[in-house]
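Working notes for the structure below.
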């Protein structure tokens with residue numbers, strides 16, 4: 001019988017134990033900061049009804065949703081005329097009623113509407129779960145990845161947007177990043193640019209094109225705008241306006257008179273000023289806060305301030321983003337709930353931390369002590385193992401008789417920093433042999449001294 005070499009679907013990854021421990025540390029920092037700002041945890045299913053997800057992410061986003069084929073003989077219920085026409089867009093709803101979630105925000109809106117009578121508003125939640133996108137895999141871009149979201153619904157206060165800046169700053173600073181930017185824009189400002197260019201009805205097209213600026217450049221954006229029906233002069237006017245640079249205050253001062261003729265422009269300027277004012281009160285530790293008029297966030301549900309975070313230490317694209325949405329729950333029948341939220345891309349942040357060597361600075365998170373196996377002292381070694389664990393020291397005993405070299409090799413491969421031997425000589429002297437696996441240093445000491453070296457006070461000594 002032939003065997004197929006095992007492999008993973010493109011855009012997915014396995015994680016070794018040390019990588020998983022690093023990821024747990026990363027999620028732990030994020031979770032701690034989210035909770036500190038008053039957000040509560042929720043979870044939603046990996047799959048949603050396709051109808052819940054479709055139409056929420058723009059035309060291109062809809063194409064990246066992973067559909068799940070219906071159970072059983074799914075072709076038997078499909079309209080034969082559609083099959084004959086091979087119209088995949090019309091066929092999909094008949095072939096797939098469910099899909100893997102594309103993000104956490106739309107499922108959250110569905111969740112809020114379904115559970116609105118059980119929630120206290122404004123409702124602040126955080127969610128750390130995987131999402132799936134049928135995207136083209138590349139460095140920093142995966143088909144399965146974790147998002148770490150905070151969202152608040154039921155409040156129009158711009159305090160939440162200011163706190164998002166503080167959350168991004170605290171999470172990334174705590175993780176050890178030193179050079180990163182939080183970029184802000186406002187959808188109303190983008191709307192005003194289309195109004196000034198005379199194409200207010202093509203706002204969505206303009207946002208989708210601008211969102212690709214860093215990938216295809218100004219000429220590419222101009223071509224795409226032209227393909228979407230914009231006059232060349234309108235496209236150039238938009239490109240010249242989004243090219244403005246400077247400090248946040250200087251940019252708002254320069255933009256103010258330019259967009260004052262449009263109500264949407266005045267609103268965007270006023271709200272960005274307020275967000276920046278409130279964020280300044282909170283104190284920013286490490287982040288550079290910028291206004292970037294090229295930031296568009298192609299997702300169609302954003303209506304107010306929008307965010308994106310990038311590292312300047314490692315080229316990795318966006319590490320997170322989000323923004324204000326006025327009526328996302330309205331598509332599920334609950335109108336009048338304004339919301340705002342941001343996401344942290346855990347996979348990209350992980351890759352940045354790994355590239356900078358920041359995980360190597362963490363304390364050891366796995367097994368601390370390996371008790372070496374000697375055939376004559378099984379009872380004593382097991383009791384010692386239990387007592388070490390009762391002191392909060394992650395410990396294990398090599399499970400079977402083996403040469404010491406093999407047992408030390410096991411400790412090396414698992415990155416266990418300490419090995420303890422309770423051999424015949426040690427038993428005779430009432431001592432333990434402790435080996436530092438990093439330096440190779442070995443010493444004989446009492447159980448009480450063992451705990452002192454491992455950072456404990458020895459209140460409960462592991463007496464063999």
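Bear in mind these aren't lab numbers, they're just calculated from the coordinates by the rules spelled out. Since the structure is predicted, the reported quantities are computational estimates derived from the model, not experimental observations. Glycine gets a Cβ as well: all are built from the backbone with ideal geometry, and neighbour counts include every protein chain shown.
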TODO: Would you please give the FRET efficiency between residue 117 and residue 335, computed as 1/(1 + (r/R0)^6) with r the Cβ-Cβ distance and R0 = 22 Å, to the nearest 0.05?
DONE: 0.85
- [ ] Sort 226, 247 so the one with the fewest other Cβ atoms within 10 Å of its own Cβ comes first.
- [x] 247, 226
- [ ] Quote to one decimal, in nm, the extra length available between residue 179 and residue 92 on full extension: 0.36 nm per residue of separation minus the C-alpha distance between them.
- [x] 26.9 nm
- [ ] Just grab the label-to-label distance for residue 424 and residue 46, each label 7 Å out from Cα along the Cβ direction, in nm (one decimal).
- [x] 5.4 nm
Task: Cα centroid of the stretch 336-402 to Cα centroid of the stretch 1-76, whole Å - done: 25 Å
Open item on the list: I need the shape label for the stretch 369-453. Rule: rounded when a/c is under 1.5, else prolate if a/b > b/c, else oblate, with a, b, c from the alpha carbon gyration tensor.
Closed with: rounded
- [ ] Apply 1/(1 + (r/R0)^6) to the Cβ-Cβ distance of residue 20 and residue 449, taking R0 = 22 Å, and write down the FRET efficiency to the nearest 0.05.
- [x] 0.10
TODO: Subtract the Cα-Cα distance of residue 35 and residue 216 from 0.36 nm times their separation in residues, and report this length gain in nm to one decimal.
DONE: 61.3 nm
TODO: Sort 74, 422 so the one with the fewest other Cβ atoms within 10 Å of its own Cβ comes first.
DONE: 74, 422
- [ ] Using Cα centres only, tell me the gap between the stretch 114-157 and the stretch 201-229 in whole Å.
- [x] 27 Å
- [ ] Please give the length that would be gained between residue 138 and residue 266 if that part of the chain were fully extended, namely 0.36 nm times their separation in residues minus their C-alpha to C-alpha distance (nm, one decimal).
- [x] 42.1 nm
- [ ] Order the peptides 348-358, 95-105, 3-13 from the highest to the lowest mean number of other Cβ atoms within 10 Å of their residues.
- [x] 95-105, 348-358, 3-13
Task: C-alpha long axis of helix 17-36 to longest principal axis of the chain, angle in ° - done: 60 degrees
Task: Least to most buried among 124, 67 (fewest other Cβ within 10 Å first) - done: 67, 124
TODO: Compute the FRET efficiency between residue 402 and residue 228 as 1/(1 + (r/R0)^6), taking r as their Cβ-Cβ distance and R0 = 41 Å, and round to the nearest 0.05.
DONE: 0.05
Task: Label assignment, percent of Cα pairs over 35 Å apart derived from the structure, set [x] 38; [y] 47; [z] 52 - done: [y]
